[in-house]
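*Asks:* Handing you this structure, nothing more for now.
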Amino acid sequence: MNSSLNELEQAFQAKIDAEQKIEPKDWMPAKYRQNLVRQVSQHGHSEVIGMQPEGNWITRAPSLRRKAVLLAKVQDEAGHGLYLYSATETLGTPRADLIEALQTGKAKYASIFNYPTQTWGDIGAIGWLVDGAAICNQVSLQRTSYGPYARSMIRICKEESFHQRQGYQIMVELAKGTPEQKQMAQDSLNRFYWPALMMFGPHDSKSAHSAQSMKWKIKRETNDDLRQKFIDQTVPQIEFLGLEHPDKELVWNEERGHYDSGEIDWEEFNSVINGNGHCNRQRISHHVAAHEEGLWVREAQHAYNVKMKARRASTAA
Ligand code: FAQ
């Protein structure tokens with residue numbers, strides 16, 4: 001390796017080891033940049049595509065209050081997507097390229113959003129379990145080494161914790177309601193529990209990016225460690241609801257101080273992340289249609305920017 005490149009890389013790693021943030025104009029290895037663009041943009045895509053399953057229930061929410069709350073939550077997810085796209089753009093990749101990668105299947109988004117929302121209970125389960133899993137992950141990402149990503153996580157986590165509470169509140173109401181409502185809550189828990197565990201990604205031994213991402217402190221905790229945290233925190237929440245745990249192999253392990261759990265269906269996980277889940281095609285075609293319909297807004301914004309730039313240039317002259 002070229003010695004000056006070697007020195008730059010060593011200085012970069014030393015900065016990371018000293019817990020200093022990497023900022024957009026700092027030197028960084030090409031692979032660090034590439035890995036961040038991959039993870040942060042996929043995170044942004046997850047927030048944006050994640051609006052669809054919940055958006056499906058805005059017109060059918062059971063009360064005006066629930067409708068307003070859900071509408072606000074879905075808007076928050078759009079905002080999260082925008083912070084994350086902005087963070088990715090600071091690494092030099094234009095937004096249009098990110099969108100193209102999403103729409104052509106080159107970039108992934110969280111597998112969970114390819115499951116349909118069939119009942120109102122699913123909206124409770126998403127807020128509780130999906131936002132809950134997202135928070136577990138994102139709290140640790142507040143300490144990620146790339147400054148713009150870390151800062152976006154701080155704000156996003158604050159909003160996600162409201163989301164998680166609104167979801168759990170829906171579940172509490174259903175679980176304490178009529179037998180039919182309680183059954184609806186149980187059914188949603190059964191369908192969303194395992195896909196929520198899949199959000200943490202493959203086991204550490206099978207994770208392609210973890211080792212390097214941990215060294216660069218892009219990721220601060222491994223997939224399995226974060227998943228374990230989520231499994232442990234969810235047990236008392238299920239007990240409080242008076243629902244049955246979907247994992248029949250779950251057992252407390254005194255020695256480890258954690259719950260041991262059953263195995264995820266990795267075949268299902270791989271099938272969903274490779275485009276063959278229930279809703280993959282629908283999610284992308286909906287995104288493409290919305291993007292095309294919004295073209296006039298982007299064109300109007302561009303025309304306005306050009307006009308303002310020309311006006312500023314003429315007043316400066
Ligand atoms: N789904 O080597 P690893 C939310 C892919 S936000 C789809 O372990 P890595 C808010 C992975 O990308 C939820 N793909 O990868 C909300 C890679 O593929 P690639 C999103 C997955 O990056 C709530 C390959 O498998 N959160 O929910 C999944 O080190 C409610 C190999 O895996 C984030 O994105 C999966 N579950 O670890 C919104 C957090 N798992 O790129 C609306 C930030 C793995 O080589 C409503 N991201 N893959 O083609 C991360 O922490 C990491 O990227 C992981 C994966 C942990 C997701």
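None of the figures in this text is laboratory data; all of them are computed from the coordinates on show. If you're wondering where the values come from, they're calculated on a predicted model, not measured in any experiment. Cβ placement follows ideal geometry from the backbone for every residue including glycine, while neighbour counts extend to all protein chains displayed.
*Asks:* All other residues with a Cβ under 12 Å from the Cβ of G275 taken together, and with Lys, Arg as +1 and Asp, Glu as -1, what is their net charge? Kindly include the intermediate steps, with their values, before the conclusion.
*Replies:* Values: positive: K106, K108, R281, R283; negative: none.
That sum, taken over residues with Cβ under 12 Å, equals +4.
*Asks:* To continue, here is another question. According to a simple spin-label model (label point 7 Å from Cα along Cα-to-Cβ), what is the distance in nm between N276 and E254?
*Replies:* Taking the two extended label points, one gets 4.5 nm.
*Asks:* Once amide H atoms are built 1.01 Å from N in the peptide plane, which residues 5 or more positions from H258, or in another chain, come under 5 Å H to H?
*Replies:* Hits under the 5 Å cutoff: N253.
*Asks:* For the chain, take the convex hull of the Cα atoms, compute a quarter of its surface area, and give me that in nm², please. If you can, show how the numbers build up before the last one.
*Replies:* Working: hull surface 84.0 nm².
Mean orientational projected area (the chain, Cα hull): 21.0 nm².
*Asks:* Follow-up question, since we're still on this one. Can you compute the modelled spin-label distance between A208 and F162, with each label point 7 Å from Cα toward Cβ, in nm?
*Replies:* 3.7
*Asks:* Continuing with this model, one more query. Under 1.5 on a/c is rounded, so check that first for the range 226-269, then, if it is not, pick prolate when a/b is larger than b/c and oblate when it is not; a ≥ b ≥ c are the square roots of the alpha carbon gyration tensor eigenvalues. Numbers along the way, then the final one.
*Replies:* On the way: a/c = 1.73, a/b = 1.16, b/c = 1.49.
Oblate is the answer for the range 226-269, as a/c is 1.5 or above yet b/c matches or exceeds a/b.
*Asks:* Further, regarding this structure: Could you compute the net charge surrounding I238? Neighbours are other residues with a C-beta less than 10 Å from the C-beta of I238; K and R count +1, D and E count -1.
*Replies:* -3
*Asks:* Suppose R0 equals 41 Å. What FRET efficiency, 1/(1 + (r/R0)^6) with r the Cβ-Cβ distance, do A317 and R33 give to the nearest 0.05?
*Replies:* 0.60
*Asks:* Still on this structure, I have one more. Below 11 angstrom from the Cβ of A107, what's the summed charge of the other residues (Lys, Arg +1; Asp, Glu -1)?
*Replies:* Details: positive: R38, K106, K108; negative: D97, E100.
Value of the local net charge: +1.
*Asks:* So for the range 114-269, if I pair up every lysine 8 or more residues apart or on another chain, how many of those pairs have alpha-carbons under 25 Å apart?
*Replies:* Lysine pairs meeting both conditions in the range 114-269 amount to 14.
*Asks:* With equal scatterers on the alpha carbons only and no solvent term, can you work out the Debye log10 of I(q)/I(0) for the range 36-193 at 0.09, 0.17 1/Å?
*Replies:* Once normalised to I(0) and log-transformed, intensities are -0.30, -0.96.
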